[in-house]
Amino acid sequence: MAAIKLDHIRHAYGPNPVSRDDYALKGVDHTFEDGSAYALLGPSGCGKTSLLNIISGLVRPSEGQLYFDAHDVTDLSTRERNIAQVFQFPVVYDTMTVAENLAFPLRNRRIAPAEIKTRVAEVLEMIGLTAMANKKARGLNADQKQKISLGRGLVRADVGAILFDEPLTVIDPHMKWVLRSQLKQLHRQFGHTMIYVTHDQTEALTFADKVMVMFDGEIVQIGDATQLFNEPAHTFVGYFIGSPGMNVLPVKVDGRRALIGQQAIALPSGVTIPAGKSIELGIRPEHLTLGRAGLPITVDRVEDVGRRRIVRARLEGLELAIAAPEDADIPADPHVAIDAGRIGVFADSWRLESRS
Amino acid sequence: MLELRQVAKIVEGQTHIAPTSLSLESGSLNVLLGPSLSGKTSLLRLMAGLDKPTSGTVWENGKDVTGLSVRKRNIAMVYQQFVNYPAMTVFENIASPLRLAKTPAAEIDRKVRSAAELLRLTPYLDRTPLTLSGGQQQRTALARALVKGAGLVLLDEPLANLDYKLREELREELPKIFAESGSILVYATTEPTEALLLGGNTATLHEGHVTQFGPTVDVFRRPNTLTTAQAFSDPPLNTIAAHKSGASFDLDGGLSLAAPKTLADGPYVLGVRPHHLSLSAQNKSAQPLTAKVAITEITGSESFVHFPFGGTDWVMLTPGVHEFEPGDKVSLYIDAARVMVFSPDGQALGA
Amino acid sequence: MKPWNNRAWFLVLPMLLLVAFSAVIPLMTVVNYSVQDTFGDNKFFWAGVEWFRKTLHSERFVSALIRNLIFSGIILAVEVPLGVLIALRMPKKGIGVPICLVLMSLPLLIPFNVVGTIWQVFGRNDIGLLGGTLKSLGFDYNYVSNPVHAWVTLIVMDVWHWTSLVVLLCYAGLASIPDAYYQAAQIDGASGWARFRYIQLPKLSRVLTIAVLLRFMDSFMIYTEPFVVTGGGPGNATTFLSIDLVKMATREFNLGGAAAMSLIYFLIILLVSWVFYTVMTRHED
C-alpha cells in the first residue's frame with residue numbers, strides 16, 4: 001500500500017495544448033494518504049475518469065509527476081504500478097471459473113500455487129462467492145460479476161491502491177446498498193487505499209473518508225460529507241451535493257443586511273463583504289422551516305417523496321426548495337424561517353469564510 | 001385510454017409476464033417499478049405492440065389493437081441508450097416523425113422549434129447528436145417523442161445513463177413537458193426514489209407479476225404485499241419475523257411491540273422503513289431497542305446506520321450526522337404506529 | 001377489423017421459385033441420374049445404389065478424397081492462425097486502418113480464374129517473376145513436373161487469395177471487444193499471450209467458427225485454380241474431387257458415376273461442416 005502524490009498534473013487529449021480550455025485536467029496537486037478511502041465526485045466531462053486513469057497508468061499525463069510513496073511512477077506501466085481497478089461494466093474472463101478469475105492476477109505474477117490457493121479462498125470468503133468458486137464466470141449476473149472484478153483487486157496482497165470507476169452503475173438499487181456497505185467494511189478491515197470515481201453523491205459521500213468534488217478539470221473542494229454539505233466552498237458544490245441542491249439567492253448588500261426584493265435577511269457576523277463582486281446567499285432546503293413565522297412565500301407545489309416532502313416555493317419571485325417532514329401541513333399563509341447559523345455567503349460563486 | 005386485459009407473455013415455457021390487467025387513463029403518468037428482469041421492458045413491448053401477447057388483449061380507446069403492427073399505432077418510445085440518427089442534425093432528428101407523417105414544412109418548423117425550446121435544445125438544432133453531451137442526446141430523443149404527438153409514450157429507463165444531477169433536472173421537467181400533450185406516459189425504472197419523485201401512478205413488478213397498481217404515494221405508504229413493500233423501498237425495507245400472542249408481537253430480536261387487537265395470534269412478518277427508526281422517541285408508541293452498529297454511512301445531512309437485527313441486516317435512516325464506530329451499542333426507537341404487518345405468506349394486514 | 005393476414009407470404013414466392021429452379025430442380029436431376037444407367041440414345045435403366053457402391057470402392061475416388069482432405073487441412077492450419085495473427089497486428093486507429101483494410105480486400109476482389117492465371121504465369125520458371133527468381137537462386141522449381149511444387153504453388157496461391165477473409169472477419173471480431181477488457185488485463189498483469197488466450201480468443205470464437213466453416217467448404221470445393229494452373233497434374237497429383245468429377249461427367253460422359261460422386265461429395269461437405277460447427281460451439285450455453 002502506498003500514498004499517492006499528484007504533483008502538478010495536467011492533461012490534454014489533443015496535441016500541443018495552448019489555452020487552458022485545451023486541458024481536460026487543468027492542474028491537480030494532491031496527495032492521497034495511505035489507507036484512506038477517497039471519492040472523486042463530479043458531472044460527466046469534469047475530468048474525474050481521466051485522473052483515475054492517470055493514477056492507474058492507463059493514461060500518461062501531459063505534464064506533472066506521479067509518486068507512489070517516494071517513487072516516481074509517471075513512466076511506469078500499469079502492470080509495474082501494482083494497482084487494481086474496477087470498471088463501470090463488470091470485466092470477467094468468460095472461459096474461466098470464478099476461482100480461476102481470482103487466481104489470474106496472481107498467476108500472471110508467478111506467485112506460488114499454494115499461496116494462490118489460500119489467497120483465492122480468502123477472497124472468495126470476503127466477497128461471498130465461495131459456493132460458486134467452480135462455476136463458469138459467464139453464467140453469473142451483473143452484481144456477482146462485479147464482485148469478481150473487485151475480488152481480482154483484493155486478491156493481491158501487495159496492491160498499492162484499488163481504483164473504482166463508477167462500479168455500481170449497472171447494479172440494481174437494492175444490491176447497491178449491499179455492495180456499497182460491504183465495500184466500506186472491506187476498507188475498514190483491510191485498509192487499502194481506495195479511490196472511487198462517481199457522479200452519484202450518495203455513493204461518494206457514504207463511501208469515502210474524503211470526497212473531492214471536481215468541476216471542469218479542477219478540484220473545487222476536498223472534504224468529508226459534513227463539510228461539503230454544511231460549508232460548500234463554491235456554489236457548484238452546494239448545487240451538486242444534496243437533493244435538491246442548495247438554494248442560491250442573488251442578493252443586494254445593504255450594510256449588514258442582504259436584500260431580496262422587499263425582504264431583508266441579516267448577514268452572518270464575521271463575514272466581510274468585498275466590494276464589486278456579485279453576492280449570493282446559499283441556504284440548504286434542510287435548513288429552511290415552513291411555517292407561520294419568517295419571510296412570506298408563495299408555494300408552487302409540494303412533492304411527496306415518501307419519507308419527506310419537498311416544497312417548491314417562491315420568495316420574492318426567486319425559486320426556493322424547502323424540505324419538510326413526511327406528515328407536514330402546508331399553512332394557508334406560508335412563511336419560511338431560515339436557520340441563521342447555516343447561511344453561506346458567496347462572492348462570485350466562492351464562499352466567504354467567516355472569522356469568528 | 002390503454003387497457004391490458006389478462007395480457008400474458010410466455011416464451012419457451014418461461015413466464016415473462018403473468019396474466020395482467022391494467023388500465024391507464026389518457027394524460028396520466030404511470031411508473032413501472034421493479035428490479036432488472038422483473039418484466040418492465042416486456043410489459044412496455046406488449047403495450048407498444050412490438051410483441052404479441054401469448055394470451056389476453058390490448059385495447060386502445062375502446063378498440064382492440066392486439067397484434068396490430070406497431071407502425072399502425074401512434075406510439076413513441078425512448079430507451080436507456082440514446083437512440084438518434086447520427087447523420088442528421090438535431091433539427092432533422094426531431095422532425096423525422098413529422099416528415100414520415102408528411103406534415104407541411106411550416107408546421108414541422110413550428111413544432112420542432114417549440115419542442116426544442118421546451119427541452120432547451122434551441123442552440124444545438126444544427127449540430128449532429130454525437131457532438132452533444134449525453135443529456136442533450138437524450139433530450140433530442142425525448143423531443144422526437146414529444147413532436148410525434150403520440151397517444152402513448154413509453155420511456156424505458158430513459159435517465160439511467162445520465163449523471164445524477166442531470167437526472168434530477170430532467171426528471172422534474174419530463175412530467176411537465178408531456179402533461180400538456182395529453183398522452184399516456186409510461187415510465188419504467190428500477191429506482192424507488194425516481195418513482196416517488198415522478199409521482200403519478202405506480203405499478204410495482206416482481207418476476208413478471210404486477211403486484212400492485214395505484215397512485216404512487218399510496219403504493220408506497222400502503223403496499224398490499226411484502227414483495228411490493230420491498231420493491232418500493234430505498235434504502236431497503238427492514239423485515240423481521242414476529243409471533244403475536246395476546247396484545248403484543250414478540251420479535252426475533254427479543255423485543256415486543258404492541259399489536260392490533262383485531263389480529264389472530266400466530267406468526268407474522270413485520271416491515272419497518274429505515275426512516276421510521278430513530279435515535280429519539282418519535283411519539284408515545286415508540287419502542288426502544290439496542291443495536292450493535294455494523295457500519296455507518298453519512299451523506300452530510302443524513303446518516304445510514306446499518307446493524308444486524310434478528311438475523312437480518314437492518315438500516316436506520318436518520319437526519320443529521322451521527323458517526324458510530326462498528327461495534328458501538330446504540331439505543332434506537334421503532335415507531336410502532338408505522339410498522340407494517342404482513343402474514344407469513346406476505347399479504348399486508350391493516351396495522 | 002382483421003389484424004392479421006397471410007398475404008405477405010406471396011412476397012417470398014419469387015424467391016422460392018428462384019431457389020427451386022436454381023437449386024432444388026438441378027439437385028433432383030442429379031439424384032435422378034445417380035440411380036440410373038444409360039447406354040446413350042436416351043434410354044435409362046434403374047441401377048439402384050450401384051453407382052454409389054462403385055464410387056465408394058473406386059480407388060480413384062478415395063485418393064481424390066484424401067487429396068481434398070489433406071489440402072483443406074493444410075489450408076485451415078495455415079490460413080486461420082495466420083489470419084488471426086495478422087488481424088492482431090493490424091492498427092486499431094489512425095490512417096493505417098483504411099489502408100490495411102483496402103490492402104486486405106484486394107485479393108478478394110480478383111476473380112478465381114484470374115488468380116489462377118496470375119500465379120500460373122508468376123510461377124513459370126522461364127518467364128515468371130517467382131519461378132525465374134527461384135531458378136536463378138538455384139532451386140529447381142517446376143510446378144508442371146514436380147508434384148510437391150505443384151501442391152506448394154496451389155497452397156501459397158490459396159493462402160494469398162483467402163487469408164484476407166479470415167483477417168477481415170477476425171478484425172471485426174476484435175474491434176467489438178470493449179476497452180475495459182484490455183485495461184483490466186493490463187491491471188491484472190496479464191502477458192500478451194494470456195491476453196490473447198483469455199480475452200481475444202474467447203471473444204473471437206464465433207467469428208472463427210464462421211471463418212473455419214467458410215474456408216473449409218470453399219477449399220474442399222476448390223476447382224478453378226488447379227484447373228487453370230496444373231490441370232490436375234502432374235499425373236493425378238492435384239486431381240481433386242471437383243476436377244475428377246468434371247472429367248468423369250464431361251470427358252468420360254459417365255453421368256451416373258458423376259452424379260453419385262457429386263452427391264457423396266455434397267454429403268461429405270455437409271457432414272464435416274456439421275462436425276466443425278458442433279465441436280466449435282459446444283462450449284456455448
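Annotations for the structure displayed:
- Residue ranges of helices (runs of 4 or more DSSP H) in the stretch A:66-165 with at least 2 members at the interface with chain C (Cβ under 9 Å from one of its Cβ atoms) and in contact (Cβ under 8 Å) with a residue 60 or more places away in the chain: A:142-154
- Of all residues in the stretch B:291-310, those satisfying the criterion of being of a type outside the set (D, E, K, R), free of Cβ contacts under 8 Å to residues at least 24 places away in the same chain and facing another protein chain (nearest Cβ under 7 Å) are B:T299, B:G300, B:S301, B:H306.
- In the stretch A:212-259, the residues that are in a loop (DSSP other than H, G, I, E, B) and among the hydroxyl-bearing types (S, T, Y): A:S243
- Residue count for the stretch C:107-132 satisfying the condition of being assigned to a helix (DSSP H, G or I) and either over 15 Å from C:W160 (Cβ atoms) or touching a helix residue (DSSP H, G or I) at 6+ places or on another chain (Cβ under 8 Å) (or both): 15.
- Flag if B:Q6 is exposed (fewer than 15 other Cβ atoms within 10 Å of the Cβ), within 14 Å of chain A (Cβ to nearest Cβ) and either within 26 Å of the chain's Cα centre (by Cα) or under 19 Å from B:R144 (Cβ atoms) (or both): no
- Enumeration of residues in the stretch A:296-310 that are free of Cβ contacts under 8 Å to residues at least 40 places away in the same chain, within 14 Å of chain B (Cβ to nearest Cβ) and touching a strand residue (DSSP E or B) at 6+ places or on another chain (Cβ under 9 Å): A:D300, A:R301, A:V302, A:E303, A:D304, A:R307, A:R308, A:R309
- Considering the stretch C:6-62, the qualifying helices (runs of 4 or more DSSP H), each wholly inside and each with 2 or more residues that are without any contact (Cβ under 8 Å) to a residue 12 or more places away in the chain and within 30 Å of C:T238 (Cβ to Cβ), run over C:25-34, C:50-57.
- Some residue of the stretch B:266-288 being over 20 Å from B:R222 (Cα atoms), at pLDDT 90 or above and of a type in the set (D, E, K, R): no
- Residue list for the stretch B:314-351, filter: at pLDDT below 90 and among the β-branched types (V, I, T): B:V321
- Any hit, the stretch B:118-126, residues being within 14 Å of chain A (Cβ to nearest Cβ) and either surrounded by fewer than 14 Cβ atoms within 10 Å (Cβ to Cβ) or part of a loop (DSSP other than H, G, I, E, B) (or both): no
- Of the set (1) within 19 Å of the chain's Cα centre (by Cα); (2) more than 14 Å from chain A (Cβ to nearest Cβ), all apply to B:T66 but (1).
- Pick from the stretch B:37-52, criterion part of a helix (DSSP H, G or I) and touching a residue at least 12 places away in the same chain (Cβ under 8 Å), ranking: nearest to the chain's Cα centre (by Cα): B:K40
- The stretch B:168-193, subset of a type outside the set (V, I, T) and facing chain A (nearest Cβ under 9 Å), residue farthest from B:V217 (Cα to Cα): B:E168
- Checking A:F190 against (1) modelled with pLDDT under 85; (2) away from every other protein chain (no Cβ under 11 Å); (3) closer than 20 Å to B:L166 by Cα, the condition it does not meet: (3)
- Residue pairs meeting the criteria (Cβ under 8 Å; at least 6 apart or on separate chains; first on the phi > 0 side of the Ramachandran plot, in the stretch C:178-202; second surrounded by fewer than 19 Cβ atoms within 10 Å (Cβ to Cβ)): C:G189/A:R79; C:G189/A:N108; C:G189/A:R109
- Boolean, B:F213 is modelled with pLDDT under 90, outside any helix (DSSP H, G or I) and over 24 Å from A:V170 (Cα atoms): no
- Among the residues here, B:A203 does not qualify as surrounded by fewer than 17 Cβ atoms within 10 Å (Cβ to Cβ) and either over 29 Å from A:S181 (Cα atoms) or away from chain A (no Cβ under 14 Å) (or both).
- Residue that is within 30 Å of A:Y67 (Cβ to Cβ) and either of a type in the set (A, V, I, L, M, F, W, C) or surrounded by fewer than 19 Cβ atoms within 10 Å (Cβ to Cβ) (or both), where the choices are A:L179, A:L183, A:L140: A:L183
- Qualifying residue in the stretch B:89-106 (condition: outside any helix (DSSP H, G or I), in the same structural domain as B:S28 (by TED's automatic domain parsing), at pLDDT 85 or above and within 30 Å of A:F215 (Cβ to Cβ)): yes
- Close contacts from the stretch B:240-251, counting a first residue that is assigned by TED's automatic domain parsing to the domain that holds B:S285 and a second that is assigned to a strand (DSSP E or B) and of a type in the set (S, T, N, Q), with Cβ to Cβ under 6 Å and a gap of 6+ residues or different chains, come to B:S248/B:S256; B:D250/B:S256.
- Any chance C:F216 is among the aromatic types (F, W, Y), in contact with a helix residue (DSSP H, G or I) (Cβ under 8 Å, 6 or more places away or on another chain) and more than 14 Å from chain A (Cβ to nearest Cβ): yes
- Per-region count, the stretch B:189-208, residues out of contact with any Gly (no Cβ under 8 Å at 6 or more places or on another chain) and within 22 Å of B:S23 (Cβ to Cβ): 6
- Qualifying residue in the stretch A:251-269 (condition: over 28 Å from A:T198 (Cβ atoms), within 14 Å of another protein chain (Cβ to nearest Cβ) and either among the polar types (S, T, N, Q) or free of Cβ contacts under 8 Å to residues at least 24 places away in the same chain (or both)): no
Condition check ((1) crowded, with 21+ Cβ neighbours inside 10 Å; (2) out of contact with any Phe, Trp or Tyr (no Cβ under 9 Å at 6 or more places or on another chain)) across all residues:
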residue: C:R124; (1), (2): no, no
residue: C:G131; (1), (2): yes, no
residue: C:S145; (1), (2): no, yes
residue: C:V148; (1), (2): no, yes
residue: C:V159; (1), (2): no, yes
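- Restricting attention to the stretch B:220-233 and to residues that are part of a loop (DSSP other than H, G, I, E, B) and farther than 12 Å from B:V272 by Cα, the residue that is farthest from the other protein chains (Cβ to nearest Cβ) turns out to be B:N224.
- Residue identified as under 16 Å from C:I155 (Cβ atoms) and either outside any helix (DSSP H, G or I) or small (G, A, S) (or both) among C:A237, C:A259: C:A237
- Positions within the stretch A:54-65 being out of contact with any helix residue (DSSP H, G or I) (no Cβ under 8 Å at 6 or more places or on another chain) and either within 12 Å of chain C (Cβ to nearest Cβ) or part of a strand (DSSP E or B) (or both), in sequence order: A:I55, A:E63, A:G64, A:Q65
The values are calculated or read from the model by the stated rules, or taken from the named source; none is laboratory data. Being a predicted model, the structure only gives us computed values, none of them experimental. As a convention, Cβ positions derive from the backbone with ideal geometry for all residues, glycine included, and neighbour counts pool all protein chains shown.
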